[in-house]
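Here's the structure, in structure tokens; my notes come after.
Please treat every number below as a calculation from the coordinates, not as lab data. What you see is a predicted model; the values in this text were computed from it and never measured. Please note: Cβ atoms are built from the backbone with ideal geometry, for glycine as well, and neighbour counts cover all protein chains shown.
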């Protein structure tokens, strides 16, 4: 049994310099009060920069220590969602090319998700085609694209192109809409709470919007154990039953759609992972670590997977990823 990590990140110093140059005033790179170099959105820190984020030798060393065989790496937020069309396309290209280069150098250890300039559909589709030809095995998308919902009609051509290829898509959160209004700059609330809000809202809207019926071939992976979706499955069903607006589009219960998407194991208690497996089913949960973020935990996430029943652990750590990525 191998171990495949589907939620793990890399970037480059070149990308950070580019974000610093063109991402303002929305995005800034600066130290927190504790002195940790971080990326801020609208004044709220949401990502601590770790040196392993651009050091593939350190990544392989840490994978070996934790017992992880293959990492499917992705760019994290804010991805390429800043600047004009050329800036966004350039940001995506520079990171995609770096990941493709590392995959060619380490084909048995590195796979990658492509990043796209989603705000510009034609450029996004062109980059999708280019990077799939260059070895990408899935697509990364942030749960809101510079403040636009994933179900926005402008993105429909991109979703169709991905659906036509039956690709896995990692939906990763960023600071949610309304971050300043919710004072998420206080106490570092974006990673523990804001991210969960962002994923939960994005996927709930996709369910109620009929998105999964329009794009039946997508393999959506909801980050961080689906945010709060496993915990809210019953509430979504009850509201679908009792609130007409929740049943305007879909007739099946929302929980049936929760069984059609995938979840990673980036949760930090055994009970949370057990609930995720119970709601999703053992064939729809995948090992992820969130390495090398400061709250990422390759060994801890894997230990909780290994504490599942042996057949379930085998599927979560290896077989499910091989099936949906075709590797």
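Brief remarks follow.
- Relative to the 2.2 N^0.38 Å rule of thumb, the range 226-327 has a C-alpha radius of gyration ratio of 1.18.
- Applying 1/(1 + (r/R0)^6) with R0 = 25 Å to the Cβ-Cβ distance of residue 154 and residue 129 gives a FRET efficiency near 0.85.
- Per-q log10 I(q)/I(0), the range 1-118, q = 0.17 Å⁻¹ (Debye; single scatterer per alpha-carbon; no solvent): -0.86
- Model label points for residue 186 and residue 213, set 7 angstrom from Cα along the Cα-to-Cβ axis, are 4.2 nm apart.
- Across the range 103-181, Cα-Cα pairs farther apart than 16 Å form 53% of the total.
- Protection proxy ranking for 267-277, 233-243, 27-37, using the average of other Cβ atoms within 10 Å per residue and placing the highest first: 267-277, 233-243, 27-37.
- Distance histogram for the chain (every C-alpha pair counted, 10 angstrom bins, percent rounded to whole numbers): 6, 28, 37, 24, 5, 0
- Working from label points 7 Å from Cα in the Cα-to-Cβ sense, the residue 241 to residue 101 distance is 5.6 nm.
- Projected over all directions and averaged, the alpha-carbon convex hull of the range 75-210 occupies 8.9 nm².
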